[in-house]
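Undergrad: Just dropping this structure here.
The values are calculated or read from the model by the stated rules, or taken from the named source; none is laboratory data. Since we're looking at a predicted model, the values are computed, not measured. Reconstructed Cβ throughout: ideal geometry from the backbone, glycine too, with neighbour counts over all protein chains shown.
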Amino acid sequence: MTGMTSRESEMKDFRITEEPFYLPISDEVKLFELAYENKLPLMLKGPTGCGKTRFLGYMASKLSLPLITVACHEDLTASDLVGRYLLDGSSTRWQDGPLSLAVKHGGICYLDEIVEARKDTTVVIHPLTDDRRILPIEKRGTLLEADDSFMLAISYNPGYQTVLKDLKQSTKQRFITIEFDYPTATLEEEIVIHESGIDRATAGNLRKVAEKFRNLKGRGLDEGVSTRLLIYAGVLIVKGVDTRRACSVALINPITDDVEMQKALEEIVASIF
């Protein structure tokens with residue numbers, strides 16, 4: 001593109017053009033800024049749907065940084081992160097992976113739900129998490145030194161820990177960690193109102209439903225209902241879906257398949273609405 005450098009051209013799709021709505025819960029904004037200024041890798045730790053990814057988008061916008069997000073999964077390979085050679089006619093060409101792009105050009109590389117990735121894949125990030133800040137490109141026999149504006153961030157949900165799926169201590173202890181939880185009642189209501197357009201009274205009742213559901217975590221439920229799901233319920237209600245039906249499809253069915261538990265949760269909803 002005319003007037004645009006190679007760096008700007010490669011990273012333009014990762015720029016956030018509009019600042020996401022985010023209400024700070026504690027001192028996470030200040031801690032993030034300190035981590036970025038001091039080139040410290042960062043882990044966001046907390047339950048699903050509590051705002052970790054939204055927070056990353058907010059901070060990337062606030063600091064005018066590109067944000068490259070990688071959704072980790074069990075088939076993710078080191079080549080998916082670092083890059084690979086591709087056939088180009090009768091020859092081959094190198095294509096950088098998302099991690100290499102961020103290391104080379106700067107910005108935040110966010111590995112979402114890193115516990116889902118294979119352990120032989122996550123070790124590739126280790127040299128980026130100490131004072132070396134380098135990324136070995138084994139297939140090319142080169143080392144990439146991280147740009148000064150590069151930051152590595154990962155998210156981790158302790159609720160997903162199993163013998164087979166957990167972060168190794170050698171990985172955990174390379175990051176400073178900000179713990180996230182669901183927002184306070186007042187903040188959560190404000191978030192649901194802003195994101196769904198629902199009235200304050202209904203938002204307050206949805207928050208009460210969430211509180212009761214969350215109290216059942218470990219007593220029939222693996223996870224409590226997330227702020228994200230409260231927003232989904234609010235959107236459905238605003239669009240005319242019956243309140244109890246909206247709660248069933250947005251709050252109950254996504255968190256349990258157990259018929260008896262579903263009935264119990266429906267009774268909770270009926271007692272509030």
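Undergrad: Tally the residues that are under 28 Å from residue 214 (Cα atoms) and touching a residue at least 24 places away in the same chain (Cβ under 8 Å), restricting the search to segment 27-58.
TA: We begin by selecting, within segment 27-58, every residue under 28 Å from residue 214 (Cα atoms); these are 27-29, 31-32, 42-58.
If we keep only those that are touching a residue at least 24 places away in the same chain (Cβ under 8 Å) too, we end up with 28-29, 31-32, 42-58.
Residues in segment 27-58 being under 28 Å from residue 214 (Cα atoms) and touching a residue at least 24 places away in the same chain (Cβ under 8 Å): 21 in total.
Undergrad: Mind checking whether some residue in segment 144-157 is without any contact (Cβ under 8 Å) to a residue 24 or more places away in the chain, assigned by TED's automatic domain parsing to the domain that holds residue 48 and aliphatic (A, V, I, L, M)?
TA: For segment 144-157, residues without any contact (Cβ under 8 Å) to a residue 24 or more places away in the chain, assigned by TED's automatic domain parsing to the domain that holds residue 48 and aliphatic (A, V, I, L, M): absent.
Yes/no per residue for (1) touching a helix residue (DSSP H, G or I) at 6+ places or on another chain (Cβ under 8 Å); (2) surrounded by 21 or more Cβ atoms within 10 Å (Cβ to Cβ):
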| residue | (1), (2) |
| --- | --- |
| 166 | yes, no |
| 172 | no, no |
| 184 | no, no |
| 211 | yes, no |
| 215 | no, no |
| 220 | yes, no |
| 231 | yes, yes |
| 235 | yes, no |
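Undergrad: Within segment 165-188, how many residues are without any contact (Cβ under 8 Å) to a residue 24 or more places away in the chain and more than 19 Å from residue 110 (Cα to Cα)? Show your work before the answer.
TA: Initially, segment 165-188 is screened for residues without any contact (Cβ under 8 Å) to a residue 24 or more places away in the chain, giving 169, 173, 186.
Add one more test, that the residue is more than 19 Å from residue 110 (Cα to Cα), and what stays is 169, 186.
Going through segment 165-188 one residue at a time, the tally reaches 2.
Undergrad: Kindly check whether there is at least one residue in segment 122-139 that is closer than 30 Å to residue 238 by Cβ and of a type in the set (Asp, Glu).
TA: no
Undergrad: Quick check on segment 141-160: of everything there that is part of a helix (DSSP H, G or I) and out of contact with any helix residue (DSSP H, G or I) (no Cβ under 6 Å at 6 or more places or on another chain), which residue is modelled with the highest pLDDT? Lay out the reasoning, then the answer.
TA: Our first condition is that a residue be part of a helix (DSSP H, G or I); within segment 141-160, this holds for 158-160.
Filter once more, keeping what is out of contact with any helix residue (DSSP H, G or I) (no Cβ under 6 Å at 6 or more places or on another chain): 158-159.
Working: 158: 81, 159: 71.
Here the residue is 158.
Undergrad: Condition first: within 15 Å of residue 233 (Cβ to Cβ) and of a type outside the set (A, V, I, L, M). Now tell me which residues in segment 180-196 satisfy that.
TA: Here is the first cut: in segment 180-196, the ones within 15 Å of residue 233 (Cβ to Cβ) are 182, 188-189, 191-196.
Passing the criteria: 182, 188, 189, 194, 195, 196.
Undergrad: On the given criteria, is residue 191 crowded, with 19+ Cβ neighbours inside 10 Å, in the same structural domain as residue 232 (by TED's automatic domain parsing) and β-branched (Val, Ile, Thr)?
TA: Values: crowded, with 19+ Cβ neighbours inside 10 Å: yes; in the same structural domain as residue 232 (by TED's automatic domain parsing): yes; β-branched (Val, Ile, Thr): yes.
Yes.
Undergrad: Here's a follow-up. So, residue 56, is that one in contact with a Phe, Trp or Tyr (Cβ under 9 Å, 6 or more places away or on another chain) and of a type outside the set (Ser, Thr, Tyr) or not? If you could, list the steps in order and put the result at the bottom.
TA: Values: in contact with a Phe, Trp or Tyr (Cβ under 9 Å, 6 or more places away or on another chain): yes; of a type outside the set (Ser, Thr, Tyr): yes.
It is true that residue 56 is in contact with a Phe, Trp or Tyr (Cβ under 9 Å, 6 or more places away or on another chain) and of a type outside the set (Ser, Thr, Tyr).
Undergrad: Which ranges mark the helices (runs of 4 or more DSSP H) fully within segment 161-273 that have 1 or more residues being within 22 Å of the chain's Cα centre (by Cα) and charged (D, E, K, R)?
TA: Of the helices (runs of 4 or more DSSP H) lying wholly inside segment 161-273, those with at least 1 residues that are within 22 Å of the chain's Cα centre (by Cα) and charged (D, E, K, R) span 169-172, 185-196, 200-214, 227-238.
Undergrad: Please determine, by comparing only the residues of segment 130-160 that are of a type in the set (Gly, Ala, Ser) and touching a strand residue (DSSP E or B) at 6+ places or on another chain (Cβ under 9 Å), which one is farthest from residue 32 (Cα to Cα). Spell out the reasoning first.
TA: First pass over segment 130-160, keeping only residues of a type in the set (Gly, Ala, Ser): 141, 146, 149, 153, 155, 159.
If we keep only those that are touching a strand residue (DSSP E or B) at 6+ places or on another chain (Cβ under 9 Å) too, we end up with 146, 149, 153, 155, 159.
Working: 146: 18, 149: 13, 153: 10, 155: 13, 159: 23 Å.
It comes out as 159.
Undergrad: Also: Looking at 58, 36 in this structure, which one is at pLDDT 95 or above, buried (at least 18 other Cβ atoms within 10 Å of the Cβ), over 17 Å from the mean Cα position of the chain (by Cα) and under 30 Å from residue 186 (Cβ atoms)? Let's see the steps before the verdict.
TA: Values: 58 fails: over 17 Å from the mean Cα position of the chain (by Cα).
Among 58, 36, only 36 is at pLDDT 95 or above, buried (at least 18 other Cβ atoms within 10 Å of the Cβ), over 17 Å from the mean Cα position of the chain (by Cα) and under 30 Å from residue 186 (Cβ atoms).
Undergrad: May I ask you to list the residues in segment 126-140 that are free of Cβ contacts under 8 Å to residues at least 60 places away in the same chain and part of a helix (DSSP H, G or I)?
TA: Selection gives 126, 127.
Undergrad: Out of all the residues in segment 82-94, is one or more part of a loop (DSSP other than H, G, I, E, B) and touching a residue at least 12 places away in the same chain (Cβ under 8 Å)?
TA: Of the residues in segment 82-94, the ones part of a loop (DSSP other than H, G, I, E, B) are 89-90.
Restricting the remaining residues to those that are touching a residue at least 12 places away in the same chain (Cβ under 8 Å) gives none.
No.
Undergrad: Is it the case, given these coordinates, that residue 212 is within 18 Å of residue 267 (Cβ to Cβ) and not assigned by TED's automatic domain parsing to the domain that holds residue 48?
TA: On the way: within 18 Å of residue 267 (Cβ to Cβ): yes; not assigned by TED's automatic domain parsing to the domain that holds residue 48: yes.
Considered against the rule, which asks whether it is within 18 Å of residue 267 (Cβ to Cβ) and not assigned by TED's automatic domain parsing to the domain that holds residue 48, residue 212 comes out as yes.
Undergrad: Please go through segment 114-136 and pick out each residue that is surrounded by 15 or more Cβ atoms within 10 Å (Cβ to Cβ), under 12 Å from residue 79 (Cα atoms) and modelled with pLDDT under 90.
TA: 121, 122
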